[in-house]
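Single-structure report; data block below.
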Amino acid sequence: MKMCIFCKIINGEIPSAKVYENEHVYAFLDISQVTKGHTLIVPKIHKENVYELTPEIARNFFESVPVVANALKAAFQPVGLNVLNNNGEIAGQSVFHYHMHLIPRYGKGDGFG
Ligand code: 5GP
Ligand code: ZN
C-alpha cells in the first residue's frame with residue numbers, strides 16, 4: 001500500500017487543518033498559503049494524477065468541489081476563487097497524490113497570479 005504524505009494526512013498520521021471531509025474526499029488548508037484559505041481537496045484513494053482517476057472516483061471527487069468552494073466563500077468572503085490541479089512535475093506538481101487547489105482571491109496583490 002502506498003503511503004505518500006497526503007495518504008498520511010488523510011490517515012491522521014500527519015496533522016492538518018481540516019476544512020471538509022466525507023466518505024470520498026478530505027480537504028485541508030495548504031501548509032503554504034498562497035492566499036488566506038488556500039485549500040487542497042484530495043481523494044481518499046491514492047491516485048497519482050488526473051490520468052489515473054476512474055469515472056467513479058472523479059464523480060465522487062468533483063461533487064465535493066462546490067461544497068468546499070461554498071464553505072470557503074462563507075468563511076473568508078473572497079471576491080473570486082481559483083480552482084486548479086497540477087499534473088506532472090513540469091506542470092508544477094510536487095505531491096504525487098491527486099489534489100485540487102482552491103485559492104480564494106481578494107484582489108490585486110493578494111499573493112497569487
Ligand atoms: P502541487 O505543487 O503538487 O500542486 O501542490 C502540493 C501542495 O501541497 C503545495 O501547495 C504544498 O504547500 C502542499 N503541501 C506539501 N506538504 C504539505 C503538508 O505536509 N501539509 C499541508 N497541509 N500541505 C502540504
Ligand atoms: Zn497518497
Along the Cα→Cβ direction, 7 angstrom out, place labels at Asn85 and Glu52. What is the inter-label distance in nm? 1.3 nm
From zero outward in steps of 5 Å, how is the percent of C-alpha pairs of the chain spread across the bins? 2, 12, 23, 25, 21, 12, 5, 1, 0
In debye, nearest 20, what is the charge dipole magnitude of the chain about its Cα centre with +1 on Lys and Arg Cβ and -1 on Asp and Glu Cβ, if you could check? 280 debye
Could you pull out the GluC sites (Glu not before Pro) across region 13-54 that fall in loop regions by DSSP (anything but H, G, I, E, B) with no more than 16 other Cβ atoms inside 10 Å? Glu13, Glu23, Glu48
Helix-only [θ] at 222 nm, the chain, -39500 (n - 2.57) per DSSP H run of 4+, per residue, nearest 500, equals -8500 deg cm²/dmol
Farthest toward the dipole's positive end in the chain, which of Val95, Thr39, Gly80, given Cβ charges of +1 (Lys, Arg) and -1 (Asp, Glu) about the Cα centre? Gly80
Rounded to the nearest 10 degrees, the helix 55-76 long axis (Cα) sits at an angle to the longest Cα principal axis of the chain of 30 degrees
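Using a 10 Å cut-off on Cβ atoms, rank the peptides 105-111, 80-86 from the highest mean neighbour count down.
Working: 105-111: 11.9, 80-86: 14.1.
Listed from highest to lowest mean packing, they are 80-86, 105-111.
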Here is the link list: Lys44/Lys108; Lys18/Lys108; Lys47/Lys73. Which ones come out longer than 30 Å on Cα distance? Lys44/Lys108
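Where a number appears in this text, it was derived from the coordinates with a stated rule and is not lab data. If you're wondering where the values come from, they're calculated on a predicted model, not measured in any experiment. With ideal geometry, Cβ positions are generated from the backbone for all residues, glycine too; neighbour counts draw on all protein chains shown.
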